[in-house]
Amino acid sequence: MRGENNKEFDRLIKEFKSNYKKNKIPIEISFKEIVNGVKFNERYTHQIHAYPAKLLSHIPYFFLNNSYFSKCEDIIVDPFNGSGTVALECVLSKKNFYGADANPLANLISKVKVTNLNLENVKLTLKSIIDFSPLLERPSIPEVRNLNFWFPYKTIDSLSKILASIMEISDIEERNFFLISFSSIIKKVSYCDTRISVPVKLNPERYLDTKVKRKVKEKIDGIENIDVFEKFYQACSDNIARLAELYSTKSDLSKFKYLSTDARKLMISENEIMPNDYAKLIITSPPYAGAQKYIRSSSLNLGWTNLASLSEVSKLERNNIGREIHKKADIKISSTGIIEADLIIEEINKTNSERAFIANKYLEEMKTSIDEMYRVLQKGGHIILIIGNNKITGKEFNTQSYLTHYAISIGMKLQFKLIDNIKSYGLMTKRNKTADIISREYVLVFKK
Ligand SMILES: C[S@@+](CC[C@H](N)C(=O)[O-])C[C@H]1O[C@@H](n2cnc3c(N)ncnc32)[C@H](O)[C@@H]1O
């Protein structure tokens, strides 16, 4: 599959536009079929670290490699950048990238994905970590809640020794590479069930099937006898190979410009707000209404990497759009101005005021972030929103429709809507009794 201004993509975009204009119904497509021929999620550094609800990389690839939405050197923004899927695809397609994410782990993964390192030096550092860290005595242990509940004693000791060696590395970018490789093994060497994004302890008693029960018991035995140093060595070696593959493309990694921390206030440096009319294209997959606990999913990693102390974790939660945690005293429903949404929130409120408030707050905060996208977008530029609906207290919460409604009300023009199945979303889990798994996602294309 050829990148840059793929003629077939141009043809499809034209077709989507004219079909949608005629029929006004979302067009069912499969990005995996449209963008085929490459093992997408395997390539380059996309798999440097797991992250919940990662975007299928085919989607930014499709929207970046055509002559319709942007050209080389244009500025692209992802305000909900997560682990940097859009960022990496921007660098590969020679576009300048700015983004934001409220989760410091996400921001560090993204930076490391496109970091420029001398890999021969990295290999030497890795050898010295493996040779010397087992010899360290009593390194300090970072602040992680319920450490002994999640990790065997021997593992805590080995992890602390590796971490102490990493923190000694003076080159910040090299240190970050090792921190992210270290973070990538944290859940794998813990008692966490790695099929679930938030930490849940492996428990054989949860399963009736004796075969599954046995498998879970074997997994726990494996965790108790794991060689943490070997696991770390393997993770680093895999990530070195990923970076080497990225460097072989000779992409200009300095196209990755800056990441800020809030989609509602986009920045281009620590002190500079992103100017009006700055970006040519915004591609983003925002959080769902109360459906993913990004900070909780990352809590063990945030602690072990010293990216956030226990008290900082709760502060991070408060900045997260779509969060579930709210003070009881704050619960108060207000009109979102989107009639369809207000009606459903009123319905939910009859049986569950807390969930009604979560949905209400989510839409208010998403409206603010859409205002910010509109502000930074050039006239004639596009916003591509990738979002799904979910169920709240058993009722369909039609997020894509509410956000479309709002974007149009502030002056955006809807170009077309696509629907794709998201079987690839392995980390999307049923999050509580009142919500359903999100199984399809909408791609909404707006023009300013
Ligand atoms: C669906 S995920 C994005 C996944 C990303 N496209 C990827 O491929 O990894 C949504 C992201 O929104 C982030 N988020 C939540 N509230 C935010 C806020 N106020 N500002 C910026 N990002 C926020 C979450 O931390 C999460 O990483």
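Please indicate, with yes or no, whether at least one residue in region 268-275 is touching a Leu at 6+ places or on another chain (Cβ under 9 Å) and more than 16 Å from the ligand (Cβ to nearest atom). No. With respect to the stated conditions, Glu365 is under 21 Å from Asn352 (Cα atoms), assigned by TED's automatic domain parsing to the domain that holds Lys265 and within 12 Å of the ligand (Cβ to nearest atom).
Scanning region 84-104 for residues that are within 12 Å of the ligand (Cβ to nearest atom) and not hydrophobic (A, V, I, L, M, F, W, C) turns up Gly84, Thr85, Glu89, Gly99, Asp101, Asn103, Pro104. Scanning region 313-345 for residues that are under 21 Å from the mean Cα position of the chain (by Cα), surrounded by fewer than 15 Cβ atoms within 10 Å (Cβ to Cβ) and either modelled with pLDDT of 95 or more or not in a loop (DSSP other than H, G, I, E, B) (or both) yields Ser314, Lys315, Arg318.
Here is a yes/no grid of residues against (1) within 17 Å of Phe232 (Cα to Cα); (2) touching a helix residue (DSSP H, G or I) at 6+ places or on another chain (Cβ under 6 Å):
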{"residue": "Thr115", "(1), (2)": "no, yes"}
{"residue": "Glu120", "(1), (2)": "no, no"}
{"residue": "Leu124", "(1), (2)": "yes, no"}
{"residue": "Ser128", "(1), (2)": "yes, no"}
{"residue": "Leu135", "(1), (2)": "yes, no"}
{"residue": "Arg138", "(1), (2)": "no, no"}
{"residue": "Glu143", "(1), (2)": "no, yes"}
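Tell me whether region 172-195 contains one or more residues that are over 25 Å from the mean Cα position of the chain (by Cα), surrounded by fewer than 21 Cβ atoms within 10 Å (Cβ to Cβ), within 12 Å of Thr305 (Cβ to Cβ) and modelled with pLDDT of 95 or more. No, there is no match, as no residue in region 172-195 is over 25 Å from the mean Cα position of the chain (by Cα), surrounded by fewer than 21 Cβ atoms within 10 Å (Cβ to Cβ), within 12 Å of Thr305 (Cβ to Cβ) and modelled with pLDDT of 95 or more. Checking Glu73 against (1) touching a helix residue (DSSP H, G or I) at 6+ places or on another chain (Cβ under 9 Å); (2) at negative phi; (3) surrounded by fewer than 20 Cβ atoms within 10 Å (Cβ to Cβ); (4) in the same structural domain as Met267 (by TED's automatic domain parsing): exactly one of these is not met. Which one? Condition (2) is where Glu73 drops out.
Go through region 375-407 and give me each residue that's aliphatic (A, V, I, L, M) and more than 16 Å from the ligand (Cβ to nearest atom). The answer is Leu377, Ile392, Ala407.
Any idea which of His49, His58 is in contact (Cβ under 8 Å) with a residue 40 or more places away in the chain, within 12 Å of the ligand (Cβ to nearest atom) and either within 16 Å of Leu444 (Cα to Cα) or of a type outside the set (S, T, N, Q) (or both)?
Every option except His49 fails the conditions.
Taking region 24-117 and the helices (runs of 4 or more DSSP H) fully enclosed by it, the elements with 2 or more residues that are among the aliphatic types (A, V, I, L, M) and farther than 19 Å from Ile387 by Cα are at 85-92, 104-113. Would you tally the residues in region 378-405 being touching a Leu at 6+ places or on another chain (Cβ under 8 Å) and over 16 Å from Asn360 (Cβ atoms)? Qualifying residue count, region 378-405: 9. Residues in region 403-421 that are among the hydrophobic types (A, V, I, L, M, F, W, C), under 13 Å from Lys24 (Cβ atoms) and buried (at least 19 other Cβ atoms within 10 Å of the Cβ): Phe416 only. Take the conditions under 19 Å from Pro104 (Cα atoms), touching a Lys or Arg at 6+ places or on another chain (Cβ under 7 Å), within 16 Å of the ligand (Cβ to nearest atom) and outside the structural domain of Ser197 (by TED's automatic domain parsing) and apply them to Glu372. Does it pass? So Glu372 fails the test. Among the residues of region 119-140, is any of a type in the set (Val, Ile, Thr), in contact with a Phe, Trp or Tyr (Cβ under 6 Å, 6 or more places away or on another chain) and not assigned by TED's automatic domain parsing to the domain that holds Asp420? Yes - at least one qualifying residue is present in region 119-140. Of the residues making up region 394-412, those that are among the aliphatic types (A, V, I, L, M) and in a loop (DSSP other than H, G, I, E, B) number 2.
Being within 14 Å of the ligand (Cβ to nearest atom) and among the aromatic types (Phe, Trp, Tyr) is the filter here, so list the residues in region 68-83 that pass it. Scanning region 68-83 gives a single hit, Phe80.
The values are calculated or read from the model by the stated rules, or taken from the named source; none is laboratory data. On a predicted model such as this, the values are computed, not experimentally measured, just so you know. No Cβ is skipped: glycine too gets one built from the backbone with ideal geometry, and neighbour counts run over all protein chains shown.
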